[in-house]
Every structure is written in structure tokens, then in C-alpha cells.
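Just so it is clear, none of the values below were taken in a lab; they were calculated from the coordinates. This structure is a prediction, so every number in the text was calculated from the model and none was measured. Counting neighbours? That spans all protein chains shown, and the Cβs are built from the backbone with ideal geometry, glycine included.
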Amino acid sequence: MILTTTFVCFCLASAFNYFRTRRQRSRIRNLKGPFTWPLLGSMHKLVFLQPKSFFKRSAEYLQKYGSLSRCWVFHRLFIPLADLELARQLLESEKHLETGYELMRDWLGGGILMCEQDKWQQRHGLISGLFRKENMDSLVELCRQQAEQLQQKLLERADGSEFNAWDIVSPSVLDLIVRTTCGVSPSEDYAKNFLDLTELYRKRFLSLQSANRFNYWLSSPFMRRRQNKLIKRLNEEHKDLINRYRQGQQPKVKISEGLVVDQSKPLPPKWHESLLQILLENQDQELTDQEICAELNTCNYLGFLLCSSALSFALVSIARNPSVQQRCLEELRQAQIKDQVWNLEKLPYLEAVVQETLRLYPPQVIVGRQLKQDFSYTHSVVGDADLPFGSEIYINLYKLQRNESRYAKANHFQGDRFMDSPPELLSYSLGPRSCPARKFSLKLMKILLATILTNFELLPYGDELRLDLRLVLGSSNGFQLALKPR
Ligand code: HEM
């Protein structure tokens, strides 16, 4: 009886699902993809997808089904994409701006990545304002201070023994990003909660229990409780700052000792405007406290993880390419204005090395778009056609930037690839939703790397990288290297 009822329910649900997705199916007949079971779709493909095996499995998948394919999971239509022409048409379109990073909704919901399309333009403008030209000199100064603090921390590790660069670099990056967005250094509690929350989300990524909200809600009540508690604590600190600003008690800055909340002293004459200030002083359409928290969370999350990943990969790549390290050092000596200060414009090789790192190791491996209307494409590997409304498209930047037909010796680190006629760099995405912090993050990485390279010799000790994907590109055995003072 139970079996019969289950069977009948399954058939009914399958029929309903079939009926519901018939329009989409009619539009993607030209696409190859894995076998689709009734109702479940190609669930079997996702079940075995793990952070550690992501790259191997996605390479096999692309090999088998091509760079534009389809994969059904229940009623959801996933389109894995590694075709540059189509990716460019999609990313540069003004009509398809929905990102669909559903996993992050509890933490970043209401922020720029997930807000409604009519609010996105304003948010993008406000965040871009943080990185405008007039603010950039002060942000660069902030990076210089942070580089000095990082140098002190690295000094303790510079005994020639190997260590995981992520462990040292990432707390420094967090400090710098929070100073940039909130205008103050994160308290110890804030930093701890933030790191714990990031780690929790990294565990959730690609896990079955997080496949959808309902599943997560049912299967992981303790994790969910902890997650919500951490989000609440971070937002309480944000709201506290917001209230202080509103009461005219802006947190002030002590330049030499790092940022601390100091309500008595006037602002120093030249200081950067933080994102929090920009959001609060925006006259256009006032933001609620919740929306402000969401933007701070989004920028802290993106800035912290993406820059930490990029810097860690850059350090390991430079350590393992001695000629690259030597050439960077010579360039740094020539561009030095005074002790630990460089003319950043005169560091084209270091910038090329950073870009080459970002090409080989794009921190954000996948850029997602959720179609709210049909998307017509041309000149793709499968010709001209439409992708239907409701598709979730996942653009694989890692694969695109290792395409041999576009990048000669694509899997090799070539320091000067971006020097004379630089190839396209997709790691910041393209089009209207591309990263507003591109220039800032390049400067940030150049300053931190310049300080490290002039003070330490990077040694290629320790295990090779083993790439994995846990929200951002990482290495399952860490980023091993060793340092020697120069
Ligand atoms: C190496 C460093 C970085 C890389 C590789 C990077 C990469 C990206 C990529 C690929 C996107 C596009 C996402 C999409 O289209 O869905 C993006 C968007 C964004 N990034 Fe970055 N990013 C970096 C650093 C930062 C930093 C430091 C911040 C802020 C402090 C930041 C803030 C943002 C924001 C707010 C967006 C959303 C823009 C929008 O949706 O309109 N990023 N970034």
C-alpha cells in the first residue's frame, strides 16, 4: 500500500514537473547534457561533487558535454558555461543582471549581489564611490599601513620553515577591508565571528544539506542556529557603528597605531571616506539599517575572501618562479621613492604578475546569472539560439582563462603575459556587474606584495597546491611556502 502510494505520488510529481518545464525543454533541445531521471533530473552529477574534486569533475563534464550544456536538478535548469563569446554577450547585457547566489541569502540578502534589479544601480554607484579617484590616495595609504603590520607578523615566520600563507595573510586582509568599509578596525570579537561565519559558509558550499533552503532548514538545525547567531552579532556591531555616526560621533582614526574608535578627537585632515559614511550620507534614496548592514557584509565578504585567495596564490606562484621574483625585486628597487614607498605606476611587471595570478587562479571561479527573461545568443559553440527564462547559468572563469586557443601555454605561469599586448582578464567579470573594486584590489595586492618582496625572500618549500573550491578558489593543503629576511 505504502509502496503503491509512493509510486503514484512520484509519478504525479514527475508529470507535474514535466509539464512545468516543457517550455524550457523545448528551447534547449540543441544542448547536450547528462541523463535526466524523472523528477530528480541529473541529481547524481551533483551528489558526488565535492570541493576537492570540483576541478577534476568539471573538466570531465566539459569534456563530455561541451562548453555549453544543460543539467536538470528537479525543476531547476543549470547551464554550465565555458564559451567565451556567449559569456561575454551575457555579462555585457544590461537585461540579465540577476546573480542568484542563493546560498548566501541569510547573510548577504538585501545587499548589492541579491537586491532587486531596480535598487542595484544605486548600490553599484554608491560602492563605486568608495573607490573613486579622490578617495584612492587615502585608501592606498591605508594599504601601506596594513603592509607594515603584515611585515611585522611575517618577521616572526621568517626562519626558513614552511607555513601556510593563508593563515597570516587573511587576518591582515580582513583588517584592511573592514577598515575600508566600516572606517574602523574590527574588534577581536568581530574578526572572530566573521572568520567563523565565513568558515561555516565554506563548509556549506557544495554540500548536499545546503542544496536548498528547505533541506538546510531540516537537516542542519544546529549549524543554522549558529549561523544566524553569528550574523546577528556582526550586524549588532554594524548597527552600533551606524548609531554612532547618526549621533554625530563618527569613529575617528589614529593613523600610526591603526584604527580605533576614538570619539573625542577631530578627524585627521586627510582620511578616507568609508563605505559606511558614503551609505549613510547618500541623499538619493535613504537606505535602511538593514540594507546598510547587507552592503557592509557583502563588501567585507567579497573583499576578504577574494583578496586573501589572490594574495595567497600570488605568494606561492612567485616563490615557485625564482626568475619572476628576481625581476619583481629589480623593478621595486627602481620604483622606490623612499623606504617602503613605491610609485605604483612604475610597477608594470608586478602588476602583470598579479594579473597572471588572477588569470590562472581566478578567486571567484564561477560567475552566476539567473535569467528573468529569455536570452538570445549568437556565435556560440552550438550556434545561435535562446536560453530560456528561469535558467541558472554558471560561467566557469577558471576554464575560460585556461583555454589554449586564447592563452598560449595556458596552464603555465608567465610573468610577462600581461605586459605588452595583455590578453583579456575575466577574473573581475565583465559588463555592468563587473567588480567595482578592480583598481583598488590591484593596488592593494601590489602594495602588500611590494612590502613582502623587498623584506623577504620567498622560498618554494612545502607541498604543491591542491586546488579546491569552497566559495572561492583555494588549496586543500594550504598555501605552503617559507621566508628568509633579505
Ligand atoms: C582580487 C580581488 C577581487 C576579485 C578577483 C573580484 C572579483 C569579482 C567578480 C568576479 C565580481 C562579479 C560577480 C558577478 O558578476 O556576479 C565581483 C563583484 C563585486 N565585487 Fe569584487 N573582486 C575582488 C575584490 C573586491 C573587493 C576588495 C571588494 C570590496 C571591498 C569587492 C566588491 C565587489 C562588489 C560589491 C561586487 C558586486 C558588484 C555588482 O554586483 O554590481 N571586490 N568581484
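Given the conditions (1) within 16 Å of the ligand (Cβ to nearest atom); (2) over 24 Å from the mean Cα position of the chain (by Cα); (3) of a type in the set (Phe, Trp, Tyr), which single one is not true for residue 313?
Only one criterion is unmet by residue 313, namely (2).
Among 433, 359, which is the only one that is assigned to a helix (DSSP H, G or I), basic (Lys, Arg) and within 16 Å of the ligand (Cβ to nearest atom)?
359
Can you say whether residue 426 is within 11 Å of the ligand (Cβ to nearest atom), closer than 26 Å to residue 166 by Cβ, hydrophobic (A, V, I, L, M, F, W, C) and touching a Leu at 6+ places or on another chain (Cβ under 6 Å), as far as the supplied structure shows? Quick ask: steps written out before the conclusion?
Working: within 11 Å of the ligand (Cβ to nearest atom): yes; closer than 26 Å to residue 166 by Cβ: yes; hydrophobic (A, V, I, L, M, F, W, C): yes; touching a Leu at 6+ places or on another chain (Cβ under 6 Å): yes.
Against the criterion (within 11 Å of the ligand (Cβ to nearest atom), closer than 26 Å to residue 166 by Cβ, hydrophobic (A, V, I, L, M, F, W, C) and touching a Leu at 6+ places or on another chain (Cβ under 6 Å)), residue 426 qualifies.
Any idea which of (1) surrounded by fewer than 16 Cβ atoms within 10 Å (Cβ to Cβ); (2) under 23 Å from residue 66 (Cβ atoms); (3) over 21 Å from the mean Cα position of the chain (by Cα) is the one residue 424 doesn't satisfy?
Failed condition: (3).
Looking at 458, 469, 397, 465, can you tell me which residue is away from the ligand (no atom under 16 Å from the Cβ) and buried (at least 21 other Cβ atoms within 10 Å of the Cβ)?
One residue alone meets the criteria, 458.
Which of the residues that make up the range 28-67 are in contact with a strand residue (DSSP E or B) (Cβ under 6 Å, 6 or more places away or on another chain), outside any helix (DSSP H, G or I) and surrounded by 19 or more Cβ atoms within 10 Å (Cβ to Cβ)?
33, 41
Conditions tested, residue by residue: (1) surrounded by 18 or more Cβ atoms within 10 Å (Cβ to Cβ); (2) over 16 Å from residue 302 (Cβ atoms); (3) more than 10 Å from the ligand (Cβ to nearest atom).
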residue	(1), (2), (3)
77	yes, yes, yes
103	yes, no, yes
116	no, yes, yes
122	no, yes, yes
138	no, yes, yes
141	no, yes, yes
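Based on this model, can you work out whether residue 172 counts as touching a residue at least 24 places away in the same chain (Cβ under 8 Å) and within 15 Å of the ligand (Cβ to nearest atom)?
Here the answer is yes, as residue 172 does meet what is asked.
Please go through (1) of a type outside the set (Phe, Trp, Tyr); (2) in a loop (DSSP other than H, G, I, E, B); (3) over 15 Å from the mean Cα position of the chain (by Cα) for residue 453 and return the number of the only condition it doesn't satisfy.
Just one mismatch for residue 453, condition (2).
Within the range 425-438, which residues are of a type outside the set (Gly, Ala, Ser), closer than 16 Å to residue 359 by Cα and touching a helix residue (DSSP H, G or I) at 6+ places or on another chain (Cβ under 8 Å)?
Matches in the range 425-438: 425, 426, 428, 430, 435.
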